[in-house]
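Pasting a structure below so you can have a look.
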Amino acid sequence: MHREPLLNLLRQYRPADPEEQEMTARTIDFVEKSPACFERSLPGGHITGSAWVVEQKAHQSQPAISRIVLIHHRKLDRWLQPGGHADGDPDVAAVALREAQEETGLKNLKLIGRADGSPAIFDVDIHTIPARGDVPEHLHYDIRFLVEADPEEVFRANHETKDIQWFSLEKAESLTKDASIFRMIRKNWV
């Protein structure tokens with residue numbers, strides 16, 4: 001079954017708090033019951049993949065992540081982590097990497113996973129996307145992965161982004177009211 005790799009990742013994942021635990025359980029239930037969960041055409045919602053992009057050196061010698069990349073999303077008019085629709089691709093880690101590359105222009109991105117090289121989930125979130133044009137309000141079941149980038153590489157914006165920047169965790173926290181961004185900032189996962 002094409003959903004089994006994602007279900008395995010979700011079942012292995014250890015959420016940070018009760019709220020994330022509840023969202024992880026809801027996401028597992030959604031994936032189990034929705035064969036088309038990777039398709040954006042699914043009316044009530046679908047799986048998306050996001051990247052929490054950190055400095056390349058962050059996991060090597062520093063005790064914690066110090067800087068992250070956020071994009072100012074053009075349609076949503078908010079600072080967010082890069083990410084987007086799976087569009088049928090069940091490899092959500094690859095989706096997260098692809099979306100990070102497309103939305104930032106960064107090419108030298110590397111997924112930080114398990115010691116054996118397999119992907120590991122960094123965060124799970126469910127959020128509502130407001131209706132826009134002919135697209136009704138729906139849910140994004142967002143699977144997030146930790147990705148490292150070279151802080152010297154130059155950003156290249158695209159049509160989806162108004163701005164892209166490196167931010168200290170403190171500055172990122174001051175830019176947003178998004179609870180899921182706060183949760184990812186609090187995680188000291190290196």
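If I go through segment 130-162 residue by residue, how many of them are touching a Leu at 6+ places or on another chain (Cβ under 9 Å) and closer than 19 Å to W52 by Cβ?
9
Moving on. Hey, can you tell me all the residues within segment 110-124 that are crowded, with 17+ Cβ neighbours inside 10 Å and not in a loop (DSSP other than H, G, I, E, B)?
L111, I121, F122, D123, V124
Of the residues that sit in segment 125-157 and are open to solvent by 40 Å² or more (accessible area, probe 1.4 Å), in a loop (DSSP other than H, G, I, E, B) and among the charged types (D, E, K, R), which one is farthest from L7 (Cα to Cα)?
If we take residues in segment 125-157 being open to solvent by 40 Å² or more (accessible area, probe 1.4 Å), in a loop (DSSP other than H, G, I, E, B) and among the charged types (D, E, K, R), then E152 is farthest from L7 (Cα to Cα).
Could you please let me know if A86 is touching a helix residue (DSSP H, G or I) at 6+ places or on another chain (Cβ under 9 Å), aliphatic (A, V, I, L, M), buried (at least 17 other Cβ atoms within 10 Å of the Cβ) and modelled with pLDDT of 95 or more?
Details: touching a helix residue (DSSP H, G or I) at 6+ places or on another chain (Cβ under 9 Å): yes; aliphatic (A, V, I, L, M): yes; buried (at least 17 other Cβ atoms within 10 Å of the Cβ): yes; modelled with pLDDT of 95 or more: yes.
Answer is yes for this residue.
Something else: Please find, within segment 10-36, the residue that is most open to solvent (accessible area, probe 1.4 Å) out of those that are assigned to a loop (DSSP other than H, G, I, E, B) and under 23 Å from D178 (Cα atoms). First the steps, then the outcome.
In the first step, residues of segment 10-36 are kept if they are assigned to a loop (DSSP other than H, G, I, E, B); the result is 13-17, 34-36.
Checking the rest, the ones that are also under 23 Å from D178 (Cα atoms) come to 13-17.
Details: Y13: 25, R14: 170, P15: 42, A16: 63, D17: 38 Å².
Here the answer is R14.
Taking only segment 169-184 into account, find how many residues are within 13 Å of V69 (Cβ to Cβ) and open to solvent by less than 40 Å² (accessible area, probe 1.4 Å). Steps first, please.
Filtering segment 169-184 for residues within 13 Å of V69 (Cβ to Cβ) gives 169, 171-172, 175, 181, 184.
Filter once more, keeping what is open to solvent by less than 40 Å² (accessible area, probe 1.4 Å): 169, 172, 181, 184.
Total satisfying the criteria: 4.
Per-residue answers, yes or no, for (1) of a type in the set (V, I, T); (2) over 22 Å from E173 (Cα atoms); (3) buried (at least 17 other Cβ atoms within 10 Å of the Cβ); (4) touching a strand residue (DSSP E or B) at 6+ places or on another chain (Cβ under 9 Å):
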| residue | (1), (2), (3), (4) |
| --- | --- |
| L7 | no, yes, no, no |
| V92 | yes, yes, yes, yes |
| V95 | yes, yes, yes, yes |
| E103 | no, no, yes, yes |
| N108 | no, yes, no, yes |
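Condition first: touching a strand residue (DSSP E or B) at 6+ places or on another chain (Cβ under 9 Å) and of a type in the set (S, T, Y). Now tell me which residues in segment 115-131 satisfy that.
Listed by number, the list holds a single entry, T128.
Would you check if I164 is among the aliphatic types (A, V, I, L, M) and not in a strand (DSSP E or B)?
no
Go through segment 88-109 and give me each residue that's of a type outside the set (S, T, N, Q) and not in a helix (DSSP H, G or I). So that I can check it myself, show each step before the final result.
First, the residues of segment 88-109 that are of a type outside the set (S, T, N, Q): 88-100, 102-103, 105-107, 109.
Answer for segment 88-109, where residues must be of a type outside the set (S, T, N, Q) and not in a helix (DSSP H, G or I): G88, D89, P90, D91, G105, L106, K107, L109.
Please state which one of L42, L76, L70 is open to solvent by less than 40 Å² (accessible area, probe 1.4 Å) and at negative phi.
Values: L42 fails: open to solvent by less than 40 Å² (accessible area, probe 1.4 Å); L76 fails: open to solvent by less than 40 Å² (accessible area, probe 1.4 Å).
Within the list L42, L76, L70, the selection yields L70.
The values are calculated or read from the model by the stated rules, or taken from the named source; none is laboratory data. Remember, it's a predicted structure, so these values are computed and weren't measured experimentally. Cβ atoms come from the backbone with ideal geometry, glycine included; neighbour counts cover every protein chain shown. Calculation scope for accessible area: heavy atoms of the full protein, side chains included, ligands and nucleic acids excluded. Shrake-Rupley method; radii C 1.70, N 1.55, O 1.52, S 1.80 Å.
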